[in-house]
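This report concerns only the one structure given below.
Only the coordinates and a few stated rules stand behind these numbers; no lab work does. Everything quoted here is computed from the prediction, not taken from an experiment. A quick note on method: Cβ atoms are made from the backbone with ideal geometry, for glycine too, and the neighbour counts reach across all protein chains shown.
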Amino acid sequence: MKISRRDAIIAGGSAVVLVGAGVGAQFLLRKRHAPSPYDDLLDLLADRDADAQIGETVLAEVEEFDPKTMADDLRTRIAKRPLAAVLAEDVADGRVVEASGWVLPETLGLLCAMAAKAEA
Amino acid sequence: MALALASTPLRVVLLESGGMTFDAKTQALYEGSKVGAPYLTLEATRLRYLGGSSNHWGGWCRPMDQIDFEERTWMPYSGWPFGKKEIDRFFVRAHSLCEGGTLLYDRAEKFAAPLGNILPLGDGGVTTRWFQFSKTRTSVLPTHFGDRYADDLKRIGRLSVYLHANATRIGLDGTGAKVAEVDVATLTGRKFKVKPKAVVVATGAIETARLMLASNDVMPVGVGNGHDMVGRFFADHPTPRDTAFLVLFDGKLAPFYQGNQAVHGAIVRAGLFPSEAFRRDHAVMASSITIENKVELDDFGKAAVAATANALGVDAANHAAFSLGAGMEVTPDPDRRLTLDDERDALGMQRVKLHMRISDSDFGRFRQTLKELGRQLLATRAGMLKLNLRSRSEWLDVMDWGNHHMGTTRMHVDPRKGVVDANLKVHGISNLYVAGSSVFPTYGAANPTVNLLSLALRLADHLKGALR
């Protein structure tokens, strides 16, 4: 079948529009979080909403949790290193927390708790 | 004991309460009452016919650890009068009587390697170790000692076995320092006495204490109970279900963790145990952890797995979760005890009453071991763990027991702290001995059968010299 130049331009244009619409919808439908002073830390989490739910149960285990102080502590602890390396150090040193019974590396648990605080 | 004494000139009388099979009227002699923490019905937790409770034995075998014999400052009443080596001398024979196959235990890892990988747990406090099982014989698992060794008993010329013969009284002589006779009664009304040179009571930790306490005609407090120790320190292994969920990020679990596998002439299964070093450093009790059924995680669990795997940089798309079973050691407790009840059985013997207790700290210490396992799984990036139980009521809701009765005639060199001495002779009575796990001062987490058999063989060895 022979495709005319006009048909090719229309088809190409339609594809661009569809892809653009998809990207736009994804952007528009994505859960938006209000900016927080801790976004540099919260960006380390893959699913901020789910992690905030985990964080709620971590907070239930912690007596005092001041987000600002904790954020400073976490920034010092992470020191721009890959999160996996920080977590490996946590568990090697015995630093774990519980989230509704789940045993988590402490830094991950505290990041989840930060997400919960940011949602509040 | 009877088999072990077969080659000696000793004439042995074996008094068995039951017959060759289960009988409800005989079993009813085991009925008793209980107060305190929930526990099994006393007539359902043991069996009263030839072979005793081996007739409902699960066949699990494992030697106790060296630390189980040691005095530990953080564990009250701990310390055996001797170390592990003392019963190791008899372990091979005991294992053979259990028909456990090739003696492998922790060497099984080498032979099981073709079946799958050992869980990577790094250098932490929990390690993979191995159970062995009494063998499968013509679909009967495991060895039921009465059935299995009845013919061997018949072949011993100087042994007389009396079935349906219930020992109802250990009769001391006038000095109170020697057994002169044992009263025997049947449920059909026959009565007779045995006048022995020496007596070995091997009726299980509940009935042994009951018989000693109820034999109170000469010593009003009971036989061997001058220091009020008989019946105290009752123990069993709590076996709570679904204590935790173990998640493996790659979903791969070797079959020897979830069930028995035939390996190099033995039937084995891997379990997870706190190392001796971890127990010493963290003051935790012995325990065994078994990996049980596959479980489906709830949404929160799935989110926890996803968040953790992602943060660790691990793919958890194929993760699988398993429930964990457990066998726990309890702290020795003098107030977890047996006393005599006012009610009497069909033979006129006072029934027994169990005062059951279990300490929150025992749950807490086991939880510490589980948490260490969780930490290790994270450290090796192999998986993670969820602790399912926290409050006392949560633990008690899923509680079961191993039917491993121990401790009620505990061994100690000091008569004020134990009922029997290091040779299992009752303190203050020159010719009365106790065989069985009732003599265990502490309990470990190993299944007691093969270990109590080792001790019984050691006692037989002692009697060969003492009664010459």
About its Cα centre, the protein assembly as shown carries a charge dipole, from +1 on Lys and Arg Cβ atoms and -1 on Asp and Glu Cβ atoms, whose size in debye to the nearest 20 is 2160 debye
Under 5 Å from the placed amide H of A:VAL97, counting only residues 5+ away or on other chains, we find A:LEU104, A:GLU106
If B:MET219, B:MET20 are placed from fewest to most neighbouring beta carbons inside 10 Å, the sequence is B:MET20, B:MET219
Ordered by fewest other Cβ atoms within 10 Å, a rough proxy for footprinting exposure, B:SER393, B:SER33, B:SER437 read B:SER393, B:SER33, B:SER437
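Give the calculated FRET efficiency between B:SER391 and A:ALA46 to the nearest 0.05, with a Förster radius of 30 Å applied to their Cβ-Cβ distance.
Efficiency for this residue pair is about 0.40.
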Counting sequence-distant residues (5 or more places) and residues on other chains, those with an amide H built under 5 Å from that of B:ALA266 are B:THR102
Note, region B:212-229: 3J(HN,Hα) by Karplus (6.51, -1.76, 1.60, θ = phi - 60°), whole Hz, Gly/Pro = x, goes 5, 5, 6, 8, 10, 6, 8, 9, x, 8, x, 6, x, 10, x, 10, 6, 10
With +1 at each Lys and Arg Cβ and -1 at each Asp and Glu Cβ, the charge dipole magnitude of region B:162-286 around its Cα centre, to the nearest 20 debye, comes out at 400 debye
Distance in nm between B:ASN293 and B:ALA44 label points, each 7 Å along Cα→Cβ, equals 1.9 nm
Expressed in angstrom and rounded, the centroid-to-centroid distance over alpha carbons for region B:166-244 and region B:267-336 is 40 Å
Among B:GLY100, B:THR339, A:ALA71, the residue whose Cα sits farthest towards the positive end of the charge dipole of the protein assembly as shown, when +1 is placed on the Cβ of each Lys and Arg and -1 on the Cβ of each Asp and Glu, is B:GLY100
Length-normalised contact order of chain B, Cα under 8 Å, at least 6 apart, in percent, tallies to 25 percent
Expressed as a whole-number percentage, the relative contact order of region A:39-119 with C-alpha contacts under 8 angstrom and at least six residues apart is 49 percent
For B:LYS195, the aspartates and glutamates lying under 12 Å Cα to Cα, once residues fewer than eight places off in the same chain are dropped, come out as B:ASP173, B:GLU181, B:ASP183
Per the charge dipole of the protein assembly as shown (beta-carbon charges, Lys/Arg positive, Asp/Glu negative, Cα centre), the residue among B:PRO255, B:ALA466, A:MET114 reaching farthest to the positive end is B:ALA466
Counting only residues 5 or more apart in sequence or on a different chain, those whose built amide H sits under 5 Å from that of B:GLY271 are B:ARG129, B:TRP130, B:PHE131
For region A:47-120, listing GluC sites (Glu not before Pro) in a DSSP loop whose Cβ sees at most 14 other Cβ atoms within 10 Å gives A:GLU61, A:GLU63, A:GLU64
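Quick one: if the Förster radius is 56 Å, what FRET efficiency do B:ASP360 and B:ALA177 give, using the C-beta to C-beta distance and rounding to 0.05?
0.85
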Applied in sequence order to region B:354-368, the curve 6.51 cos²θ - 1.76 cosθ + 1.60 (Karplus, θ = phi - 60°) yields integer Hz couplings, x standing for Gly and Pro, of 9, 9, 9, 9, 8, 8, 4, 5, 5, 5, x, 5, 5, 4, 4
When the charge dipole of the protein assembly as shown is computed with +1 on Lys and Arg Cβ and -1 on Asp and Glu Cβ about the Cα centre, the Cα farthest towards its positive end, among B:ALA244, B:THR203, B:LEU457, belongs to B:LEU457
Calc'd 3J(HN,Hα), region B:262-274, phi into Karplus 6.51 cos²θ - 1.76 cosθ + 1.60 (θ = phi - 60°), Hz, glycine/Pro = x, comes to 7, 9, 6, x, 9, 9, 10, 8, 8, x, 10, 10, x
Subtracting the Cα-Cα distance of B:VAL13 and B:ASP228 from 0.36 nm times their residue separation yields 74.4 nm
Under the helix-only model (-39500 (n - 2.57) for each DSSP H run of 4 or more, divided by the residues of chain B), the mean residue ellipticity at 222 nm, to 500 deg cm²/dmol, is -7000 deg cm²/dmol
Excluding residues fewer than 8 positions from A:LYS68 in its own chain, the aspartates and glutamates with Cα under 18 Å of it are A:ASP39, A:ASP40, A:ASP43, A:GLU56, A:GLU106, A:GLU119
Distance in nm between B:THR102 and B:LYS464 label points, each 7 Å along Cα→Cβ, equals 2.9 nm
Between B:ALA422 and A:ASP39, the two model label points (7 Å from Cα along the beta-carbon direction) sit apart by a distance in nm of 7.4 nm
For B:LYS191, counting only lysines whose alpha-carbon sits under 20 Å away and dropping same-chain residues fewer than eight positions off, the answer is B:LYS25
Going through B:LYS386/B:LYS417; B:LYS193/B:LYS353; A:LYS80/B:LYS294; B:LYS34/B:LYS294; B:LYS110/B:LYS294; B:LYS84/B:LYS371 one by one, the pairs whose alpha carbons sit over 32 Å apart turn out to be B:LYS386/B:LYS417; A:LYS80/B:LYS294; B:LYS34/B:LYS294
Per the 1/(1 + (r/R0)^6) rule, R0 = 60 Å and r from the Cβ atoms of B:GLU71 and A:ASP7, FRET efficiency to 0.05 is 0.05
Taking 0.36 nm per residue of separation between B:GLU31 and B:ARG190 and subtracting their Cα-Cα distance, the length gained on full extension comes to 55.1 nm
Restricted to region B:326-468, the DSSP antiparallel beta bridge percent, nearest 5, is 90 percent
Distance in Å, no decimals, from the C-alpha centre of region A:30-103 to the one of region B:1-60 is 57 Å
